[in-house]
1. For a Förster distance of 35 Å, can you work out the FRET efficiency between the beta-carbons of B:PHE204 and B:ILE120, rounded to the nearest 0.05?
2. Run the quick spin-label model on B:PHE71 and A:GLN65: label points 7 Å from Cα toward the beta carbon, then report their separation in nm to one decimal.
3. Nothing charged except the Cβ atoms of Lys and Arg (+1) and of Asp and Glu (-1): what's the magnitude of the dipole of the protein assembly as shown about its Cα centre? Round to the nearest 20 debye.
4. Where does the protein assembly as shown land on the Kirkwood hydrodynamic radius, alpha-carbon pairs, in angstrom?
5. For B:GLU270 and B:LYS113, what is the calculated FRET efficiency with R₀ set at 51 Å and r taken between the beta-carbons, to the nearest 0.05?
6. Can you give the percent of C-alpha pairs in chain B whose distance is more than 26 Å?
7. Compute, for B:GLU173, the solvent-accessible surface of its heavy atoms (probe 1.4 Å) with the complete set of protein chains present, and express it in square angstrom to the nearest 10.
8. Can you give me the convex hull volume of the Cα atoms of chain A, divided per residue and expressed in Å³?
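The values are calculated or read from the model by the stated rules, or taken from the named source; none is laboratory data. Since the structure is predicted, the reported quantities are computational estimates derived from the model, not experimental observations. When we count neighbours, we look across all protein chains shown, and the Cβ atoms used for this are built from the backbone with ideal geometry, even at glycine. The protein model used for the area step is the full one, side chains on, heavy atoms only, and it has no ligands, DNA or RNA in it. Shrake-Rupley method; radii C 1.70, N 1.55, O 1.52, S 1.80 Å.
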Amino acid sequence: MEKFIELLVQMNPFDLVQVVFWGLAGAISFYFSIGNARVWTSISIGFFLIFLSQAYGINPWGHYQKLTAYHHIVGTVAIMTITHGFLEYYVFCRTFEISGNKLIVYLSTLGILIAAGVFLLINPTPSPNTIRNMKMIENAIWVFLCIMNIELIRKIYSAIRDSDISKGFIAFGIVFVCIFMWRGADLYLQIFQWDQDWQDIITLMTEESTDIDEYMGRVEFSREVIRYAGVLSGVSVGGAFTYMYKLLK
Amino acid sequence: MFLLPKGSALFENLAVSKLKLPDVLSKLNNGSFTGYASFVFQSSTAILVFEAGKLVSVIVEGKNGMRESGFQALSSLAELMVTTGSGALNVYKLSKDLTMCIHALLEGETLCKAQDLKLIDINALLKKIKDDHMNGCLRIYTDEHSAMIFYKDGNPLGFFHDGASDIETSPAESQKIAGTPGAKIDLFSTKSADELMGTNLLEFTNVQKIWDTCVALHKSVIDKTNTERQERDRKVLSQQLAELEEAVKSIVGEYVGRVGRGIVDKEISENGGNSCLVDADRAEKFIKGVERAAKLLVSGTNIKLMMEKLTSTISLAKSEF
(Lines give C-alpha, C1' and ligand atoms only; values in the text may rest on other atoms or scores of the structure.)
Protein backbone atom coordinates (compact mmCIF):
# COMPACT_ATOMS: atom_id res chain seq x y z
CA MET A 1 0.00 0.00 0.00
CA GLU A 2 2.87 2.31 0.93
CA LYS A 3 4.44 1.59 -2.43
CA PHE A 4 1.18 2.38 -4.18
CA ILE A 5 0.86 5.74 -2.41
CA GLU A 6 4.49 6.46 -3.20
CA LEU A 7 3.76 5.79 -6.87
CA LEU A 8 0.79 8.14 -6.81
CA VAL A 9 2.88 10.88 -5.26
CA GLN A 10 5.64 10.40 -7.85
CA MET A 11 3.21 10.47 -10.82
CA ASN A 12 2.76 13.45 -13.09
CA PRO A 13 -0.53 15.08 -11.95
CA PHE A 14 -1.76 15.00 -15.53
CA ASP A 15 -1.09 11.27 -15.79
CA LEU A 16 -2.78 10.73 -12.45
CA VAL A 17 -5.88 12.67 -13.49
CA GLN A 18 -5.91 10.75 -16.76
CA VAL A 19 -5.77 7.39 -14.96
CA VAL A 20 -8.52 8.50 -12.58
CA PHE A 21 -10.78 9.52 -15.50
CA TRP A 22 -10.06 6.29 -17.33
CA GLY A 23 -10.93 4.49 -14.12
CA LEU A 24 -14.29 6.28 -14.00
CA ALA A 25 -14.90 5.72 -17.70
CA GLY A 26 -13.99 2.04 -17.33
CA ALA A 27 -16.40 1.62 -14.41
CA ILE A 28 -19.24 3.38 -16.28
CA SER A 29 -18.67 1.42 -19.47
CA PHE A 30 -18.46 -1.90 -17.60
CA TYR A 31 -21.68 -1.09 -15.74
CA PHE A 32 -23.25 -0.12 -19.08
CA SER A 33 -22.31 -3.48 -20.59
CA ILE A 34 -24.13 -5.38 -17.82
CA GLY A 35 -27.53 -3.81 -18.28
CA ASN A 36 -27.66 -3.40 -22.02
CA ALA A 37 -28.00 -5.31 -25.28
CA ARG A 38 -25.31 -7.76 -26.39
CA VAL A 39 -23.89 -5.50 -29.10
CA TRP A 40 -22.86 -2.95 -26.46
CA THR A 41 -20.85 -5.57 -24.55
CA SER A 42 -17.81 -5.52 -26.88
CA ILE A 43 -17.76 -1.71 -26.94
CA SER A 44 -18.09 -1.42 -23.17
CA ILE A 45 -15.50 -4.08 -22.39
CA GLY A 46 -13.11 -2.45 -24.84
CA PHE A 47 -13.33 0.89 -23.08
CA PHE A 48 -12.98 -0.83 -19.72
CA LEU A 49 -9.80 -2.50 -20.98
CA ILE A 50 -8.36 0.93 -21.85
CA PHE A 51 -8.41 1.68 -18.15
CA LEU A 52 -6.51 -1.53 -17.44
CA SER A 53 -3.97 -0.64 -20.09
CA GLN A 54 -3.56 2.85 -18.67
CA ALA A 55 -3.29 1.69 -15.11
CA TYR A 56 0.36 0.63 -15.39
CA GLY A 57 1.33 4.01 -14.02
CA ILE A 58 -0.30 3.17 -10.68
CA ASN A 59 0.59 -0.52 -10.76
CA PRO A 60 2.90 -1.25 -7.78
CA TRP A 61 4.46 -4.05 -9.84
CA GLY A 62 4.79 -1.90 -12.93
CA HIS A 63 8.57 -2.16 -12.84
CA TYR A 64 8.26 -5.77 -13.95
CA GLN A 65 8.87 -5.51 -17.67
CA LYS A 66 6.56 -8.39 -18.57
CA LEU A 67 3.73 -6.64 -16.73
CA THR A 68 4.43 -3.37 -18.55
CA ALA A 69 4.40 -5.24 -21.86
CA TYR A 70 1.13 -6.84 -20.78
CA HIS A 71 -0.46 -3.42 -20.24
CA HIS A 72 0.33 -2.55 -23.86
CA ILE A 73 -1.12 -5.83 -25.14
CA VAL A 74 -4.28 -5.15 -23.13
CA GLY A 75 -4.44 -1.70 -24.76
CA THR A 76 -4.23 -3.28 -28.21
CA VAL A 77 -6.92 -5.82 -27.32
CA ALA A 78 -9.06 -2.93 -26.02
CA ILE A 79 -9.24 -1.02 -29.31
CA MET A 80 -9.75 -4.25 -31.27
CA THR A 81 -12.68 -5.20 -29.00
CA ILE A 82 -14.17 -1.71 -29.30
CA THR A 83 -13.86 -1.83 -33.10
CA HIS A 84 -15.43 -5.28 -33.15
CA GLY A 85 -18.37 -3.84 -31.20
CA PHE A 86 -18.87 -0.87 -33.51
CA LEU A 87 -18.52 -3.14 -36.53
CA GLU A 88 -21.27 -5.39 -35.11
CA TYR A 89 -23.42 -2.33 -34.48
CA TYR A 90 -22.89 -1.21 -38.06
CA VAL A 91 -23.80 -4.70 -39.34
CA PHE A 92 -26.93 -4.54 -37.18
CA CYS A 93 -27.89 -1.19 -38.72
CA ARG A 94 -27.61 -2.68 -42.21
CA THR A 95 -29.02 -6.19 -41.65
CA PHE A 96 -30.85 -5.90 -38.28
CA GLU A 97 -29.12 -9.17 -37.31
CA ILE A 98 -28.12 -9.60 -33.64
CA SER A 99 -26.14 -12.73 -32.93
CA GLY A 100 -24.05 -14.20 -30.11
CA ASN A 101 -24.36 -13.65 -26.36
CA LYS A 102 -22.68 -11.64 -23.66
CA LEU A 103 -21.01 -14.59 -21.95
CA ILE A 104 -19.17 -15.53 -25.15
CA VAL A 105 -17.91 -11.95 -25.49
CA TYR A 106 -16.68 -11.93 -21.86
CA LEU A 107 -15.07 -15.36 -22.18
CA SER A 108 -13.49 -14.63 -25.59
CA THR A 109 -11.92 -11.42 -24.28
CA LEU A 110 -10.70 -13.22 -21.17
CA GLY A 111 -9.31 -16.00 -23.36
CA ILE A 112 -7.37 -13.53 -25.51
CA LEU A 113 -5.95 -11.80 -22.41
CA ILE A 114 -4.90 -15.15 -20.93
CA ALA A 115 -3.31 -16.16 -24.24
CA ALA A 116 -1.42 -12.84 -24.28
CA GLY A 117 -0.24 -13.51 -20.72
CA VAL A 118 0.92 -17.00 -21.66
CA PHE A 119 2.72 -15.52 -24.71
CA LEU A 120 4.66 -13.17 -22.42
CA LEU A 121 5.39 -15.90 -19.86
CA ILE A 122 6.89 -18.34 -22.36
CA ASN A 123 9.04 -15.68 -24.03
CA PRO A 124 12.18 -13.89 -22.74
CA THR A 125 11.75 -10.82 -20.59
CA PRO A 126 11.18 -7.92 -23.02
CA SER A 127 13.92 -5.31 -23.15
CA PRO A 128 13.02 -1.60 -22.88
CA ASN A 129 13.40 -1.47 -26.67
CA THR A 130 10.95 -4.36 -27.10
CA ILE A 131 8.45 -2.71 -24.77
CA ARG A 132 8.81 0.51 -26.77
CA ASN A 133 8.16 -1.47 -29.96
CA MET A 134 5.05 -2.94 -28.40
CA LYS A 135 3.88 0.50 -27.36
CA MET A 136 4.49 1.79 -30.88
CA ILE A 137 2.54 -1.10 -32.40
CA GLU A 138 -0.26 -0.43 -29.91
CA ASN A 139 -0.35 3.24 -30.90
CA ALA A 140 -0.28 2.41 -34.63
CA ILE A 141 -3.21 0.05 -34.22
CA TRP A 142 -5.07 2.62 -32.13
CA VAL A 143 -4.57 5.36 -34.72
CA PHE A 144 -5.64 3.13 -37.61
CA LEU A 145 -8.67 1.72 -35.80
CA CYS A 146 -9.70 5.19 -34.52
CA ILE A 147 -10.01 6.35 -38.13
CA MET A 148 -11.95 3.21 -38.97
CA ASN A 149 -14.25 3.68 -35.96
CA ILE A 150 -14.88 7.34 -36.85
CA GLU A 151 -15.98 6.18 -40.30
CA LEU A 152 -18.13 3.37 -38.83
CA ILE A 153 -19.75 5.81 -36.42
CA ARG A 154 -20.47 8.21 -39.28
CA LYS A 155 -22.20 5.41 -41.17
CA ILE A 156 -24.10 4.21 -38.09
CA TYR A 157 -25.23 7.76 -37.37
CA SER A 158 -26.48 8.28 -40.94
CA ALA A 159 -28.45 4.99 -40.69
CA ILE A 160 -30.09 5.74 -37.33
CA ARG A 161 -30.09 9.53 -37.30
CA ASP A 162 -33.80 9.73 -36.42
CA SER A 163 -33.59 7.28 -33.50
CA ASP A 164 -33.30 8.15 -29.79
CA ILE A 165 -29.64 7.28 -29.44
CA SER A 166 -28.20 8.76 -32.63
CA LYS A 167 -26.71 11.73 -30.74
CA GLY A 168 -24.93 9.26 -28.47
CA PHE A 169 -22.91 8.18 -31.48
CA ILE A 170 -21.83 11.76 -32.08
CA ALA A 171 -20.44 11.63 -28.52
CA PHE A 172 -18.52 8.46 -29.42
CA GLY A 173 -17.25 10.19 -32.54
CA ILE A 174 -15.82 12.96 -30.31
CA VAL A 175 -14.26 10.25 -28.11
CA PHE A 176 -12.42 8.75 -31.07
CA VAL A 177 -11.24 12.13 -32.32
CA CYS A 178 -9.73 12.75 -28.84
CA ILE A 179 -8.18 9.28 -28.77
CA PHE A 180 -6.84 9.74 -32.31
CA MET A 181 -5.10 12.96 -31.27
CA TRP A 182 -3.78 11.41 -28.07
CA ARG A 183 -2.45 8.23 -29.63
CA GLY A 184 -1.52 9.91 -32.90
CA ALA A 185 0.67 12.46 -31.15
CA ASP A 186 2.33 9.67 -29.16
CA LEU A 187 2.93 7.67 -32.34
CA TYR A 188 4.33 10.76 -34.04
CA LEU A 189 6.95 11.15 -31.30
CA GLN A 190 7.78 7.44 -31.44
CA ILE A 191 8.20 7.37 -35.22
CA PHE A 192 10.68 10.26 -35.08
CA GLN A 193 12.30 8.80 -31.93
CA TRP A 194 11.45 11.89 -29.88
CA ASP A 195 9.55 9.97 -27.24
CA GLN A 196 10.80 9.78 -23.66
CA ASP A 197 11.30 6.02 -23.82
CA TRP A 198 13.73 6.34 -26.70
CA GLN A 199 15.55 9.19 -24.99
CA ASP A 200 15.97 6.99 -21.92
CA ILE A 201 17.14 4.06 -24.02
CA ILE A 202 19.83 6.01 -25.90
CA THR A 203 20.99 7.73 -22.71
CA LEU A 204 21.36 4.53 -20.75
CA MET A 205 22.07 1.86 -23.34
CA THR A 206 23.51 3.21 -26.58
CA GLU A 207 25.85 5.83 -27.89
CA GLU A 208 23.29 7.10 -30.36
CA SER A 209 22.57 10.81 -30.61
CA THR A 210 19.17 12.46 -31.05
CA ASP A 211 17.95 15.47 -33.02
CA ILE A 212 15.20 16.21 -30.47
CA ASP A 213 16.73 19.57 -29.59
CA GLU A 214 16.27 20.79 -33.15
CA TYR A 215 12.51 20.08 -33.03
CA MET A 216 11.75 20.86 -29.44
CA GLY A 217 8.80 23.05 -30.40
CA ARG A 218 6.84 20.32 -32.11
CA VAL A 219 7.94 17.80 -29.51
CA GLU A 220 6.60 19.96 -26.71
CA PHE A 221 3.41 20.62 -28.68
CA SER A 222 2.93 16.91 -29.23
CA ARG A 223 3.53 16.23 -25.54
CA GLU A 224 0.86 18.81 -24.65
CA VAL A 225 -1.54 17.21 -27.12
CA ILE A 226 -0.86 13.82 -25.54
CA ARG A 227 -1.61 15.22 -22.06
CA TYR A 228 -4.77 17.14 -22.85
CA ALA A 229 -6.17 14.75 -25.49
CA GLY A 230 -5.46 11.86 -23.10
CA VAL A 231 -7.42 13.49 -20.30
CA LEU A 232 -10.17 14.55 -22.71
CA SER A 233 -10.38 10.98 -24.03
CA GLY A 234 -11.01 9.62 -20.54
CA VAL A 235 -13.51 12.39 -19.75
CA SER A 236 -15.30 12.00 -23.08
CA VAL A 237 -15.59 8.19 -22.73
CA GLY A 238 -17.17 8.57 -19.29
CA GLY A 239 -19.41 11.35 -20.62
CA ALA A 240 -20.37 9.40 -23.76
CA PHE A 241 -21.42 6.33 -21.78
CA THR A 242 -23.31 8.42 -19.23
CA TYR A 243 -25.09 10.24 -22.07
CA MET A 244 -25.84 6.97 -23.86
CA TYR A 245 -27.14 5.48 -20.61
CA LYS A 246 -29.46 8.48 -20.23
CA LEU A 247 -30.69 8.14 -23.83
CA LEU A 248 -31.41 4.45 -23.42
CA LYS A 249 -33.14 4.84 -20.05
CA MET B 1 -97.67 -29.26 -64.46
CA PHE B 2 -100.97 -31.11 -64.37
CA LEU B 3 -102.24 -32.47 -61.13
CA LEU B 4 -102.26 -36.22 -61.47
CA PRO B 5 -104.22 -38.88 -59.60
CA LYS B 6 -102.21 -40.26 -56.72
CA GLY B 7 -103.35 -43.87 -56.69
CA SER B 8 -101.54 -45.79 -54.02
CA ALA B 9 -98.58 -43.85 -52.58
CA LEU B 10 -95.40 -45.92 -52.21
CA PHE B 11 -93.22 -43.00 -51.07
CA GLU B 12 -94.07 -39.40 -50.40
CA ASN B 13 -91.83 -36.40 -49.77
CA LEU B 14 -88.54 -38.28 -49.85
CA ALA B 15 -85.67 -35.78 -49.76
CA VAL B 16 -84.16 -35.78 -53.26
CA SER B 17 -80.78 -34.53 -52.00
CA LYS B 18 -80.16 -37.96 -50.44
CA LEU B 19 -81.10 -39.93 -53.55
CA LYS B 20 -79.22 -41.04 -56.65
CA LEU B 21 -81.17 -41.16 -59.90
CA PRO B 22 -79.65 -44.48 -61.13
CA ASP B 23 -80.55 -46.11 -57.79
CA VAL B 24 -84.15 -44.81 -57.90
CA LEU B 25 -84.66 -45.92 -61.51
CA SER B 26 -83.00 -49.27 -60.89
CA LYS B 27 -85.22 -49.89 -57.87
CA LEU B 28 -88.43 -49.04 -59.76
CA ASN B 29 -87.25 -51.03 -62.77
CA ASN B 30 -86.33 -54.12 -60.74
CA GLY B 31 -89.59 -53.91 -58.76
CA SER B 32 -91.64 -54.02 -62.03
CA PHE B 33 -93.27 -50.84 -60.85
CA THR B 34 -96.35 -49.47 -62.65
CA GLY B 35 -97.32 -45.88 -61.98
CA TYR B 36 -95.37 -42.71 -61.89
CA ALA B 37 -92.68 -40.99 -59.87
CA SER B 38 -92.75 -37.23 -59.49
CA PHE B 39 -89.74 -35.16 -58.52
CA VAL B 40 -90.89 -31.79 -57.26
CA PHE B 41 -88.31 -29.00 -57.20
CA GLN B 42 -88.76 -25.30 -56.60
CA SER B 43 -88.25 -24.41 -60.24
CA SER B 44 -89.35 -27.59 -62.03
CA THR B 45 -91.30 -30.81 -61.76
CA ALA B 46 -90.31 -34.13 -63.34
CA ILE B 47 -92.68 -37.01 -64.00
CA LEU B 48 -91.39 -40.49 -64.82
CA VAL B 49 -94.02 -42.98 -65.99
CA PHE B 50 -93.37 -46.70 -65.53
CA GLU B 51 -95.20 -49.69 -66.98
CA ALA B 52 -94.17 -52.96 -65.33
CA GLY B 53 -90.79 -51.49 -64.46
CA LYS B 54 -90.21 -50.04 -67.92
CA LEU B 55 -89.65 -46.31 -68.16
CA VAL B 56 -92.13 -45.26 -70.84
CA SER B 57 -92.00 -41.52 -70.52
CA VAL B 58 -90.09 -38.75 -68.79
CA ILE B 59 -91.19 -35.14 -68.67
CA VAL B 60 -89.49 -32.22 -66.98
CA GLU B 61 -91.49 -29.01 -66.92
CA GLY B 62 -90.28 -25.73 -65.56
CA LYS B 63 -92.36 -23.09 -63.81
CA ASN B 64 -92.21 -21.14 -67.06
CA GLY B 65 -93.94 -23.98 -68.92
CA MET B 66 -90.85 -25.13 -70.81
CA ARG B 67 -90.96 -28.89 -71.31
CA GLU B 68 -88.28 -31.44 -71.98
CA SER B 69 -88.76 -35.14 -72.60
CA GLY B 70 -86.78 -38.33 -73.17
CA PHE B 71 -83.00 -38.29 -72.86
CA GLN B 72 -82.98 -34.51 -72.50
CA ALA B 73 -85.45 -34.74 -69.62
CA LEU B 74 -83.40 -37.46 -67.89
CA SER B 75 -80.29 -35.28 -68.17
CA SER B 76 -82.17 -32.28 -66.78
CA LEU B 77 -83.58 -34.36 -63.94
CA ALA B 78 -80.12 -35.67 -63.06
CA GLU B 79 -78.79 -32.11 -63.13
CA LEU B 80 -81.63 -30.87 -60.92
CA MET B 81 -81.06 -33.69 -58.42
CA VAL B 82 -77.32 -32.99 -58.24
CA THR B 83 -77.45 -29.23 -58.15
CA THR B 84 -80.60 -28.55 -56.13
CA GLY B 85 -80.27 -28.95 -52.42
CA SER B 86 -84.02 -29.30 -51.95
CA GLY B 87 -86.76 -31.26 -53.74
CA ALA B 88 -89.08 -34.16 -52.92
CA LEU B 89 -89.79 -37.51 -54.53
CA ASN B 90 -93.27 -39.01 -54.62
CA VAL B 91 -93.96 -42.47 -56.03
CA TYR B 92 -97.53 -43.47 -56.81
CA LYS B 93 -98.66 -46.91 -57.94
CA LEU B 94 -101.43 -46.86 -60.54
CA SER B 95 -103.25 -49.46 -62.59
CA LYS B 96 -101.70 -50.41 -65.91
CA ASP B 97 -104.52 -48.68 -67.84
CA LEU B 98 -104.44 -45.48 -65.85
CA THR B 99 -100.69 -45.35 -66.25
CA MET B 100 -101.22 -45.60 -69.99
CA CYS B 101 -103.58 -42.61 -69.75
CA ILE B 102 -101.04 -40.61 -67.76
CA HIS B 103 -98.51 -41.36 -70.49
CA ALA B 104 -101.05 -40.12 -73.06
CA LEU B 105 -101.51 -36.94 -71.06
CA LEU B 106 -97.81 -36.33 -70.85
CA GLU B 107 -96.41 -37.55 -74.13
CA GLY B 108 -99.33 -38.78 -76.20
CA GLU B 109 -100.43 -37.50 -79.58
CA THR B 110 -102.30 -34.21 -79.24
CA LEU B 111 -105.56 -34.42 -81.16
CA CYS B 112 -107.11 -31.26 -79.73
CA LYS B 113 -105.36 -28.40 -78.00
CA ALA B 114 -107.09 -25.53 -76.15
CA GLN B 115 -110.28 -25.91 -78.14
CA ASP B 116 -113.15 -23.75 -76.93
CA LEU B 117 -115.86 -26.10 -75.82
CA LYS B 118 -118.52 -23.87 -77.38
CA LEU B 119 -116.96 -24.21 -80.80
CA ILE B 120 -116.85 -27.99 -80.96
CA ASP B 121 -119.50 -30.68 -80.97
CA ILE B 122 -118.65 -32.46 -77.76
CA ASN B 123 -121.04 -35.29 -78.38
CA ALA B 124 -119.46 -36.00 -81.75
CA LEU B 125 -116.03 -35.95 -80.13
CA LEU B 126 -117.09 -38.40 -77.42
CA LYS B 127 -118.65 -40.63 -80.11
CA LYS B 128 -115.38 -40.55 -82.06
CA ILE B 129 -113.43 -41.55 -78.95
CA LYS B 130 -115.77 -44.46 -78.45
CA ASP B 131 -115.88 -45.49 -82.10
CA ASP B 132 -112.09 -45.28 -82.54
CA HIS B 133 -111.53 -47.33 -79.34
CA MET B 134 -109.25 -44.55 -78.33
CA ASN B 135 -106.78 -44.80 -75.41
CA GLY B 136 -106.04 -41.46 -73.89
CA CYS B 137 -107.17 -38.51 -71.89
CA LEU B 138 -109.69 -35.74 -72.40
CA ARG B 139 -108.86 -32.66 -70.37
CA ILE B 140 -111.55 -30.06 -69.69
CA TYR B 141 -110.42 -26.85 -68.05
CA THR B 142 -111.03 -23.22 -67.30
CA ASP B 143 -108.62 -20.68 -65.88
CA GLU B 144 -109.55 -21.81 -62.36
CA HIS B 145 -110.41 -25.51 -62.62
CA SER B 146 -109.59 -28.60 -64.59
CA ALA B 147 -110.83 -32.15 -64.88
CA MET B 148 -109.62 -35.20 -66.81
CA ILE B 149 -111.43 -38.16 -68.24
CA PHE B 150 -109.26 -41.20 -68.92
CA TYR B 151 -110.27 -43.59 -71.71
CA LYS B 152 -109.36 -47.14 -72.54
CA ASP B 153 -110.58 -48.57 -75.83
CA GLY B 154 -113.03 -45.69 -76.01
CA ASN B 155 -114.56 -46.35 -72.59
CA PRO B 156 -114.09 -44.00 -69.63
CA LEU B 157 -111.77 -45.46 -66.97
CA GLY B 158 -112.44 -42.75 -64.44
CA PHE B 159 -112.67 -39.07 -63.72
CA PHE B 160 -110.13 -36.88 -62.03
CA HIS B 161 -110.30 -33.22 -61.09
CA ASP B 162 -108.08 -30.76 -59.24
CA GLY B 163 -108.88 -30.85 -55.58
CA ALA B 164 -109.30 -34.62 -55.66
CA SER B 165 -106.52 -36.95 -54.86
CA ASP B 166 -107.68 -39.96 -56.80
CA ILE B 167 -109.83 -41.23 -59.64
CA GLU B 168 -113.55 -40.91 -59.20
CA THR B 169 -116.34 -42.79 -60.92
CA SER B 170 -118.73 -39.85 -61.06
CA PRO B 171 -118.55 -37.44 -64.05
CA ALA B 172 -120.26 -34.68 -62.03
CA GLU B 173 -117.20 -32.44 -61.57
CA SER B 174 -116.21 -32.84 -65.22
CA GLN B 175 -119.66 -31.89 -66.37
CA LYS B 176 -119.69 -28.90 -64.02
CA ILE B 177 -116.43 -27.55 -65.47
CA ALA B 178 -117.62 -28.26 -69.00
CA GLY B 179 -120.64 -26.12 -68.27
CA THR B 180 -118.53 -23.17 -67.18
CA PRO B 181 -118.29 -20.34 -69.75
CA GLY B 182 -114.87 -20.23 -71.41
CA ALA B 183 -114.16 -23.91 -70.79
CA LYS B 184 -111.62 -25.50 -73.16
CA ILE B 185 -110.56 -29.03 -73.97
CA ASP B 186 -107.35 -30.92 -74.81
CA LEU B 187 -107.46 -34.43 -76.20
CA PHE B 188 -104.43 -36.71 -76.04
CA SER B 189 -104.27 -40.24 -77.36
CA THR B 190 -101.70 -42.98 -77.00
CA LYS B 191 -100.96 -46.52 -77.97
CA SER B 192 -102.44 -49.36 -75.93
CA ALA B 193 -100.76 -50.37 -72.69
CA ASP B 194 -99.41 -53.52 -74.31
CA GLU B 195 -97.86 -51.59 -77.14
CA LEU B 196 -96.34 -49.15 -74.67
CA MET B 197 -94.57 -52.08 -73.03
CA GLY B 198 -92.31 -52.19 -76.03
CA THR B 199 -90.82 -48.85 -75.00
CA ASN B 200 -88.21 -48.67 -72.25
CA LEU B 201 -86.03 -45.56 -72.03
CA LEU B 202 -83.78 -47.34 -69.58
CA GLU B 203 -82.69 -49.79 -72.27
CA PHE B 204 -81.07 -47.23 -74.51
CA THR B 205 -80.12 -44.62 -71.97
CA ASN B 206 -77.02 -44.97 -69.79
CA VAL B 207 -78.50 -43.33 -66.71
CA GLN B 208 -75.41 -44.10 -64.66
CA LYS B 209 -73.25 -42.19 -67.17
CA ILE B 210 -75.67 -39.25 -67.24
CA TRP B 211 -75.60 -39.18 -63.44
CA ASP B 212 -71.79 -39.47 -63.23
CA THR B 213 -71.37 -36.71 -65.81
CA CYS B 214 -73.72 -34.43 -63.84
CA VAL B 215 -71.95 -35.22 -60.57
CA ALA B 216 -68.55 -34.57 -62.14
CA LEU B 217 -69.77 -31.36 -63.75
CA HIS B 218 -71.33 -30.18 -60.53
CA LYS B 219 -68.17 -31.05 -58.62
CA SER B 220 -66.07 -29.10 -61.09
CA VAL B 221 -68.44 -26.12 -60.78
CA ILE B 222 -68.28 -26.34 -56.98
CA ASP B 223 -64.51 -26.75 -57.08
CA LYS B 224 -64.24 -23.75 -59.41
CA THR B 225 -66.51 -21.72 -57.16
CA ASN B 226 -64.53 -22.79 -54.10
CA THR B 227 -61.25 -21.97 -55.82
CA GLU B 228 -62.59 -18.56 -56.82
CA ARG B 229 -63.88 -17.96 -53.30
CA GLN B 230 -60.58 -19.08 -51.78
CA GLU B 231 -58.71 -16.84 -54.20
CA ARG B 232 -60.99 -13.94 -53.30
CA ASP B 233 -60.59 -14.69 -49.58
CA ARG B 234 -56.85 -14.95 -50.04
CA LYS B 235 -56.76 -11.57 -51.75
CA VAL B 236 -58.84 -9.98 -49.01
CA LEU B 237 -56.66 -11.60 -46.34
CA SER B 238 -53.53 -10.54 -48.15
CA GLN B 239 -54.79 -6.95 -48.32
CA GLN B 240 -55.75 -6.96 -44.64
CA LEU B 241 -52.35 -8.37 -43.71
CA ALA B 242 -50.61 -5.75 -45.85
CA GLU B 243 -52.59 -3.01 -44.08
CA LEU B 244 -51.69 -4.49 -40.68
CA GLU B 245 -48.02 -4.75 -41.70
CA GLU B 246 -48.06 -1.09 -42.72
CA ALA B 247 -49.69 -0.12 -39.41
CA VAL B 248 -47.00 -2.07 -37.50
CA LYS B 249 -44.25 -0.42 -39.56
CA SER B 250 -45.70 3.00 -38.82
CA ILE B 251 -45.73 2.32 -35.07
CA VAL B 252 -42.16 0.96 -35.00
CA GLY B 253 -41.00 3.72 -37.36
CA GLU B 254 -42.57 6.34 -35.09
CA TYR B 255 -40.41 5.24 -32.13
CA VAL B 256 -37.32 3.74 -33.76
CA GLY B 257 -36.97 5.91 -36.84
CA ARG B 258 -36.67 4.85 -40.43
CA VAL B 259 -34.61 1.74 -39.57
CA GLY B 260 -37.72 0.58 -37.73
CA ARG B 261 -39.33 -0.38 -41.04
CA GLY B 262 -36.26 -2.48 -41.85
CA ILE B 263 -36.45 -4.20 -38.45
CA VAL B 264 -40.14 -5.05 -39.07
CA ASP B 265 -39.33 -6.35 -42.57
CA LYS B 266 -36.57 -8.55 -41.21
CA GLU B 267 -38.65 -9.96 -38.34
CA ILE B 268 -41.62 -10.61 -40.66
CA SER B 269 -39.34 -12.40 -43.08
CA GLU B 270 -37.81 -14.50 -40.29
CA ASN B 271 -41.24 -15.48 -38.98
CA GLY B 272 -42.63 -16.69 -42.30
CA GLY B 273 -44.26 -13.61 -43.80
CA ASN B 274 -46.82 -11.09 -42.58
CA SER B 275 -49.28 -13.86 -41.62
CA CYS B 276 -47.14 -14.16 -38.47
CA LEU B 277 -48.85 -11.00 -37.20
CA VAL B 278 -52.14 -12.86 -36.69
CA ASP B 279 -50.66 -16.16 -35.47
CA ALA B 280 -50.39 -16.30 -31.66
CA ASP B 281 -46.95 -17.99 -31.38
CA ARG B 282 -45.31 -16.31 -34.35
CA ALA B 283 -46.71 -12.90 -33.39
CA GLU B 284 -45.08 -13.28 -29.96
CA LYS B 285 -41.75 -14.16 -31.59
CA PHE B 286 -42.13 -11.20 -33.95
CA ILE B 287 -42.83 -8.78 -31.09
CA LYS B 288 -39.86 -10.10 -29.09
CA GLY B 289 -37.60 -9.74 -32.14
CA VAL B 290 -38.69 -6.14 -32.70
CA GLU B 291 -38.20 -5.36 -29.00
CA ARG B 292 -34.71 -6.90 -29.01
CA ALA B 293 -33.63 -4.83 -32.00
CA ALA B 294 -35.32 -1.67 -30.71
CA LYS B 295 -33.37 -1.90 -27.44
CA LEU B 296 -30.27 -0.96 -29.44
CA LEU B 297 -31.88 2.22 -30.70
CA VAL B 298 -34.64 3.42 -28.42
CA SER B 299 -34.92 4.47 -24.78
CA GLY B 300 -36.58 2.11 -22.30
CA THR B 301 -39.54 4.49 -21.88
CA ASN B 302 -40.18 4.65 -25.61
CA ILE B 303 -39.76 0.88 -25.96
CA LYS B 304 -42.46 0.41 -23.33
CA LEU B 305 -44.82 2.78 -25.16
CA MET B 306 -44.05 1.22 -28.53
CA MET B 307 -44.62 -2.32 -27.23
CA GLU B 308 -47.97 -1.37 -25.70
CA LYS B 309 -49.11 0.18 -28.98
CA LEU B 310 -47.75 -2.70 -31.03
CA THR B 311 -49.32 -5.38 -28.84
CA SER B 312 -52.73 -3.71 -28.80
CA THR B 313 -52.71 -3.20 -32.60
CA ILE B 314 -51.77 -6.83 -33.25
CA SER B 315 -54.26 -8.15 -30.67
CA LEU B 316 -57.06 -6.08 -32.20
CA ALA B 317 -56.16 -7.26 -35.69
CA LYS B 318 -56.02 -10.91 -34.53
CA SER B 319 -59.53 -10.66 -33.09
CA GLU B 320 -60.81 -9.30 -36.43
CA PHE B 321 -59.24 -12.04 -38.59
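1. 0.35
2. 11.4 nm
3. 540 debye
4. 33.3 Å
5. 0.05
6. Summing the P(r) tail past 26 Å for chain B gives 61 percent.
7. Spelled out: B:GLU173, probe radius 1.4 Å, area about 50 Å².
8. Output value, Cα hull per residue: 132 Å³.
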